[in-house]
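The block underneath contains the structure these notes are about, expressed in structure tokens.
The values are calculated or read from the model by the stated rules, or taken from the named source; none is laboratory data. Computed from a predicted structure; not experimentally measured. Here the Cβ positions follow ideal geometry from the backbone for every residue, glycine too, while neighbour counts run over all protein chains shown.
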Amino acid sequence: EASMVFVGNTQHTVPYMLKHSDLFCELPDKFYDSAFLDRIHFYIPGWEVDIIRGEMFSSGYGFVVDYLAEILRSLRNHDYSDRYREHFSLSTDISTRDRDGINKTFSGLMKILFPQGEATKEEIEELLRFAVEGRKRVKDQLMRIDSTYGNVHFTYQDSGGQVKPVTTLEEEEYPGYYHKTIAEGEDGKIAEAVQPDSPQSPSEPLASTELVLKEKHLTFQENQKGLSFDTLLGPYLKGATEITVTDPYIRLFYQLRNFMEFLETVVKYKAPDEEVSVHLVTTEDEFKGEQQKDNLEKMKESAGSVGVDFTWEFDGSGTIHARHIVTDHGWKISLDRGLDIFQHYEMNDAFTFANRLQQYRPCKAFEVTFIKHKREAEGE
């Protein structure tokens with residue numbers, strides 16, 4: 001009737017563990033056994049969980065933990081594991097033990113978030129994907145530890161017959177390390193082998209070695225790291241002499257800072273002897289309009305000293321909603337969240353890497369589309 005939960009810290013970063021060992025490497029030797037680890041239902045990616053800060057605590061009434069514990073204890077008599085089957089079904093490739101782990105996790109999440117049992121199809125799917133992802137993380141690490149574990153396709157199918165694969169976030173961020181098996185050779189040294197069916201990362205097109213720019217659509221997950229304006233937007237801004245940014249939400253300080261970092265990317269991708277014009281179309285803040293104007297004027301003055309002619313205007317029609325970037329050399333970049341793609345970070349802490357380097361900030365879920373919006377006069 002009891003369950004076991006292991007809570008602890010890792011000494012190394014996720015890519016380091018994926019390259020040199022596995023995500024279970026911090027466990028004591030007695031627990032580092034594939035038969036035991038296979039009985040773990042879910043692996044929570046603690047590195048995706050933000051550090052608890054003071055503003056996260058409620059200032060109002062709270063719920064006494066004893067009452068919450070009693071409620072959860074009484075809910076143990078209820079089984080919510082079948083609540084997704086009206087809309088979704090797990091792949092037949094998923095084993096009984098994998099299926100049990102997924103079902104138990106899903107049931108627990110339903111009891112905590114929707115104890116009344118009522119949830120929309122979208123909410124149920126989100127919990128199911130999360131449950132599958134956590135069990136997949138366990139199984140993928142077992143494949144690295146013990147070669148007798150075969151590859152499993154963690155997918156589910158909706159009522160319309162559409163098959164939806166599930167991947168872990170670290171699988172997409174570090175595909176070169178994730179799909180490796182660690183084995184000990186005859187000489188006692190650790191040997192690495194890449195699995196032949198390793199999928200390509202959706203972030204690979206962002207590599208700096210890409211020479212040919214293409215039209216494409218990219219989707220990024222919540223908490224994904226390794227992203228920056230330089231890698232995402234920089235190659236498509238290079239060579240432009242006029243750039244127009246339309247974003248109605250460049251109002252608050254953190255949004256203005258995001259735009260300032262966008263201007264930094266423009267500067268990095270232009271030649272020192274070139275000048276670039278950047279025009280911003282946004283809306284005036286209802287409460288702090290004067291402060292917003294002052295900050296934009298400071299940007300204009302600063303940008304002028306590095307070869308960027310920055311201008312801006314407030315759209316008073318109230319009709320702009322789409323957020324996009326248009327260049328004069330043929331590209332339109334449509335961002336569904338605009339430049340607001342990063343989660344909260346301590347921007348006042350000078351000793352935090354996330355404050356200085358965008359690639360160490362977790363992202364919000366967003367999509368971006370690169371469109372060739374006009375033909376070049378020659379060659380097309």
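Looking at (1) of a type in the set (A, V, I, L, M); (2) modelled with pLDDT under 95; (3) closer than 25 Å to PHE366 by Cα, which one does VAL266 not meet, given that it meets all the others?
(2)
Are any of the residues in region 269-279 closer than 24 Å to MET347 by Cα, of a type outside the set (Ser, Thr, Tyr) and touching a residue at least 12 places away in the same chain (Cβ under 8 Å)?
Checked against the condition, which is being closer than 24 Å to MET347 by Cα, of a type outside the set (Ser, Thr, Tyr) and touching a residue at least 12 places away in the same chain (Cβ under 8 Å), region 269-279 yields no hits at all.
Let's see how each residue does on (1) small (Gly, Ala, Ser); (2) in the same structural domain as THR244 (by TED's automatic domain parsing); (3) in contact (Cβ under 8 Å) with a residue 12 or more places away in the chain:
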{"site": "LYS293", "(1), (2), (3)": "no, yes, no"}
{"site": "LEU296", "(1), (2), (3)": "no, yes, yes"}
{"site": "SER305", "(1), (2), (3)": "yes, yes, no"}
{"site": "ILE325", "(1), (2), (3)": "no, yes, yes"}
{"site": "SER334", "(1), (2), (3)": "yes, yes, yes"}
{"site": "PHE342", "(1), (2), (3)": "no, yes, yes"}
{"site": "THR352", "(1), (2), (3)": "no, yes, no"}
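Scan region 26-51 and report the pairs whose first residue is within 17 Å of LYS104 (Cβ to Cβ) and not assigned by TED's automatic domain parsing to the domain that holds ILE102 and whose second residue is surrounded by 14 or more Cβ atoms within 10 Å (Cβ to Cβ) and modelled with pLDDT of 90 or more, with Cβ atoms within less than 9 Å and a gap of 6+ or a chain change.
none
For region 265-285, indicate whether the set of residues that are under 25 Å from ASN355 (Cβ atoms), in the same structural domain as HIS324 (by TED's automatic domain parsing), aromatic (Phe, Trp, Tyr) and assigned to a strand (DSSP E or B) is non-empty.
Looking through region 265-285, none of the residues is under 25 Å from ASN355 (Cβ atoms), in the same structural domain as HIS324 (by TED's automatic domain parsing), aromatic (Phe, Trp, Tyr) and assigned to a strand (DSSP E or B).
Pick from region 3-38 the residues that are under 19 Å from ARG97 (Cα atoms) and charged (D, E, K, R): which of them is farthest from the chain's Cα centre (by Cα)?
This residue is ASP33.
Evaluate the following for PRO15: is it in contact (Cβ under 8 Å) with a residue 12 or more places away in the chain, surrounded by 14 or more Cβ atoms within 10 Å (Cβ to Cβ) and out of contact with any helix residue (DSSP H, G or I) (no Cβ under 6 Å at 6 or more places or on another chain)?
When the stated conditions are applied, PRO15 does not pass them.
Under the condition of being in a loop (DSSP other than H, G, I, E, B) and more than 26 Å from the chain's Cα centre (by Cα), which residue from region 233-251 is surrounded by the most Cβ atoms within 10 Å (Cβ to Cβ)?
Selected residue: ALA240.
Residue-wise test of (1) within 30 Å of GLY226 (Cβ to Cβ); (2) charged (D, E, K, R).
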residue: VAL5; (1), (2): yes, no
residue: GLY46; (1), (2): yes, no
residue: VAL49; (1), (2): yes, no
residue: ARG53; (1), (2): yes, yes
residue: MET56; (1), (2): yes, no
residue: SER74; (1), (2): no, no
residue: TYR80; (1), (2): no, no
residue: GLU86; (1), (2): no, yes
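Which is farther than 22 Å from TYR269 by Cα and touching a Ser or Thr at 6+ places or on another chain (Cβ under 6 Å), of GLU313, GLU346?
After applying the criteria, what remains is GLU346.
Scan (1) touching a residue at least 60 places away in the same chain (Cβ under 8 Å); (2) under 26 Å from CYS363 (Cα atoms); (3) surrounded by 14 or more Cβ atoms within 10 Å (Cβ to Cβ) for the single condition TYR254 breaks and write down its number.
(3)
Give the number of residues within region 269-297 that are at pLDDT 95 or above and small (Gly, Ala, Ser).
1
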